[in-house]
1. Are there helices (runs of 4 or more DSSP H) fully within the range B:263-322 with at least 1 residues that are of a type in the set (A, V, I, L, M, F, W, C), within 10 Å of chain A (Cβ to nearest Cβ) and open to solvent by 20 Å² or more (accessible area, probe 1.4 Å)? List them.
2. So which of B:Met408, B:Met375 is within 11 Å of chain A (Cβ to nearest Cβ) and touching a residue at least 40 places away in the same chain (Cβ under 8 Å)?
3. For the range A:217-234, how many residues are within 14 Å of chain B (Cβ to nearest Cβ) and either open to solvent by 10 Å² or more (accessible area, probe 1.4 Å) or more than 16 Å from A:Ser203 (Cα to Cα) (or both)?
4. Can you tell which of A:Glu187, A:Glu247, A:Glu237 is without any contact (Cβ under 8 Å) to a residue 40 or more places away in the chain, charged (D, E, K, R) and more than 17 Å from A:Asp24 (Cβ to Cβ)?
5. Of the residues in the range A:189-207, how many are more than 20 Å from B:Ser333 (Cα to Cα) and modelled with pLDDT of 90 or more?
6. Of these, A:Asn210, A:Asn162, which one is within 13 Å of chain B (Cβ to nearest Cβ), assigned to a loop (DSSP other than H, G, I, E, B), touching a residue at least 60 places away in the same chain (Cβ under 8 Å) and surrounded by fewer than 24 Cβ atoms within 10 Å (Cβ to Cβ)?
7. Output the residues belonging to the range A:78-106 that are buried (at least 17 other Cβ atoms within 10 Å of the Cβ), at pLDDT 85 or above and in a loop (DSSP other than H, G, I, E, B).
8. Could you tell me whether any residue of the range A:378-395 is of a type in the set (Ser, Thr, Tyr) and away from every other protein chain (no Cβ under 13 Å)?
Number of protein chains: 2
Amino acid sequence: MAVESPRELDSLWSASGHEEAFTDLDHLFYPRNIAVVGASPKGGGFMWGGNSFIEGSIKLNFKGKIFPVNPKADNILGIKAYKSVRDIPDEVDLAIFSVKDCVAKGVKFVHLFTAGFSETGREEYAEIEKELVALAREGGIRLIGPNCMGIYCPEGGLAWTNEFPRRPGSIGFVSQSGQLAGHFVIEGSAYGFRYSTYGFRYSKVVSYGNASDLQSHDFLKYLAQDENTKIIGAYIEGLKDGRAFFEEAKSITREKPIVAWKGGETEGGSRATQSHTGSLAGSYKIWRALCRQSGIIPVISMEELLTTLAALQKLPLPQGTNVAILGGAGGGSVTMTDAAEREGLKVPHLSEKTIRALEEFVPLQGSSVKNPLDMMGAFFRGGQDALIKTFTLLKDDPNIDALIFLQMAEMYVRRGGRAFLDAFIKHLLECIKVLEKPTFIVLEGGRG
Amino acid sequence: MAVESPRELDSLWSASGHEEAFTDLDHLFYPRNIAVVGASPKGGGFMWGGNSFIEGSIKLNFKGKIFPVNPKADNILGIKAYKSVRDIPDEVDLAIFSVKDCVAKGVKFVHLFTAGFSETGREEYAEIEKELVALAREGGIRLIGPNCMGIYCPEGGLAWTNEFPRRPGSIGFVSQSGQLAGHFVIEGSAYGFRYSTYGFRYSKVVSYGNASDLQSHDFLKYLAQDENTKIIGAYIEGLKDGRAFFEEAKSITREKPIVAWKGGETEGGSRATQSHTGSLAGSYKIWRALCRQSGIIPVISMEELLTTLAALQKLPLPQGTNVAILGGAGGGSVTMTDAAEREGLKVPHLSEKTIRALEEFVPLQGSSVKNPLDMMGAFFRGGQDALIKTFTLLKDDPNIDALIFLQMAEMYVRRGGRAFLDAFIKHLLECIKVLEKPTFIVLEGGRG
């Protein structure tokens, strides 16, 4: 951000090809400047919002101008403030708040942060929301919200809190809830494991609340043509135009995966979406049918959303649902098998050829060459050699599409200390490349 | 443990009332001495077992004698070793290994640690297991195992690893898997939260593997009459005598809750239990019907097992399945409502009286006085007063049996720093006593 002498944005835009492909929502994700109505010289309110939009964009080096708007302040966070949107000397691409002033000013997008509209369930408030949308549309403005956190676009320098990472990435996220979008960005950016530091990075994230004007399918459409977005996540409470959503999703999933979490799948949850974003959640069955027919991957928790996105980003797609489990002592393998089959995977017999070849180097006692395979003893004794032999056999086994590698880290530490475990994992990560099938590594009880 | 001059155990036994109520398995959980066959002067094998039994019991100050048995060693871990079980000069209550020698010696219980019996699926090995059991029973010995970790009894001074805590408690656990029992003890003993350090402690834990002689219902029966055991957990793969198990469980759950995790609920999982403990897992539907009719609480993961036991230990039982959710910003409340209703709870409307009273101090904008309730704003503004008013209303609301209190810790930190959050939680824990209904506190995203 350069408040005193804003840099021309042309270079940024040509560099990322936006000059040619300037689509509807570009001024939303890459505004040349933003007006933040409701910023305060005394600091923000009790939640994200107001000043936190300014702080977030400062952290992300927003290249355009920021215009804090407050009738009672001259200066907010060191930036010159204006009494009203109308007083701003430059053009405004994105304003947060006050529709009437924005129409007068010719603003392109308004992000209506504030709550208290249709989600209250009171007719008079729902009516105001409708009027606002009508007012905005007449003035040529598109609305985000109300009752939402708006835009996080690292490349465009926008963020609704300075807790979000600066570096952009390839995950797009479309969410009615600002809370869950924020959690998703923050938890996702720290996602990872001891042996595989990870951390999602994002192309565009939008929290759009009541969706009174711009809808989920508008944002999906934008992410579909956005070259920086490779995988799309979504948290959706209601669809005001189910047909448009379905058609959009169906055409996108041929090119980019969509992983969607639906709020309001249960009766009580459905009532809750009405209070939250004024959404009619619709039936669970219809949503699941929509997912099946449009190719959307449905999830039901933040954990499942993050894990699914990580798998899509890091692993090849499996050719089928048959999985081999390379376990250790039996209880963990039994319950992992249950967990896999509950989710619709199969843990079938290995091919005869694989079983016979495994029997040559897997000791019978305390081990099993069935599936799940009890392989800890073999790995202890055979080291890297046993790993490569096993992965080569599984690679060529037509009964197996994917692998879950489940070992008790603690036992490796007991065997040879922390160094033994680290060496084993290092070998494993090398040997696993032989397999060429998606592999999930689970290390239990790693206290070492 | 006192190897040179073992203390008489009479005092311990009379103190805990064992002299009068000396039942079948007392010599198993409170042996006067143990023989550990397979201990090694060079240290343990690749897993728990061998020396780790000795190390575990040393840590727990086992009061009796320990006799390491190894034909090639004079001394193991500083303790005099014997060539064979027969050479041990004293009586032996519990031996780990070598049935024949134990019969000759008149041992009471044999814990058969080693694997390689019926779980291999080979008839000749299953035959050996049967012969061992027959041999033991003829000699008056009861068998634990084979293919298991045996006994953890803090009060008796027995543990199969020195990772287990010394202090005893009131949770009993019966598990065919030694791995899951071990995880359960270790993870459970560290279980807790920032504001509520917890940590389960255990009365008796038994890992009994293939259950070739002593069965799950034998151990349940023992825990039922054990005064130190208040709550019973279980991990079960197969029931060799389903009727006996059902009758035992049904009579126990009237007095003590049983929370059970069944391995092999799926087709693949069922095949896996055969390789693990030679168990026939039986059908999912029959298991669930058995739970319903006997009062067992079924769970399907370690996490659910731990959480359920914590709830049983800490909270009053709810009078019904209706739950109020006190949330914050909407997405979290919506998805928590979905999660609750998926598990069979209901998130119903509050009573008219409660709604009207709440409306007096809960601001409409950005809040909701429906259920789930969006209360963050009210708690920010009204502090302790708003908390007490809310809990008093929920206490008297006949529509509500339990409470899920779900707030974003991060927002409290943003509002007033770490100290504000800490003060709020302190108030909360005081105010919540008013409610007199089971309450689950969920603090999301607490990075402060």
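The values are calculated or read from the model by the stated rules, or taken from the named source; none is laboratory data. Remember, it's a predicted structure, so these values are computed and weren't measured experimentally. Here Cβ is always computed from backbone atoms with ideal geometry, including for glycine, and neighbour counts include all displayed protein chains. For the accessible areas, the whole protein counts, side chains as well, though only heavy atoms, and no ligand, DNA or RNA atoms are used. Shrake-Rupley method; radii C 1.70, N 1.55, O 1.52, S 1.80 Å.
1. Numbers: elements: B:267-277, B:284-294, B:302-314.
The helices (runs of 4 or more DSSP H) meeting that bar are B:302-314.
2. Selected residue: B:Met408, the only one of B:Met408, B:Met375 that is within 11 Å of chain A (Cβ to nearest Cβ) and touching a residue at least 40 places away in the same chain (Cβ under 8 Å).
3. Number satisfying all stated conditions: 0.
4. A:Glu247
5. Adding up the residues that qualify gives 7.
6. Details: A:Asn210 fails: surrounded by fewer than 24 Cβ atoms within 10 Å (Cβ to Cβ).
Matching residue, one of A:Asn210, A:Asn162: A:Asn162.
7. The answer is A:Ala81, A:Ile88, A:Val92, A:Asp93.
8. Within the range A:378-395, one or more residues are of a type in the set (Ser, Thr, Tyr) and away from every other protein chain (no Cβ under 13 Å).
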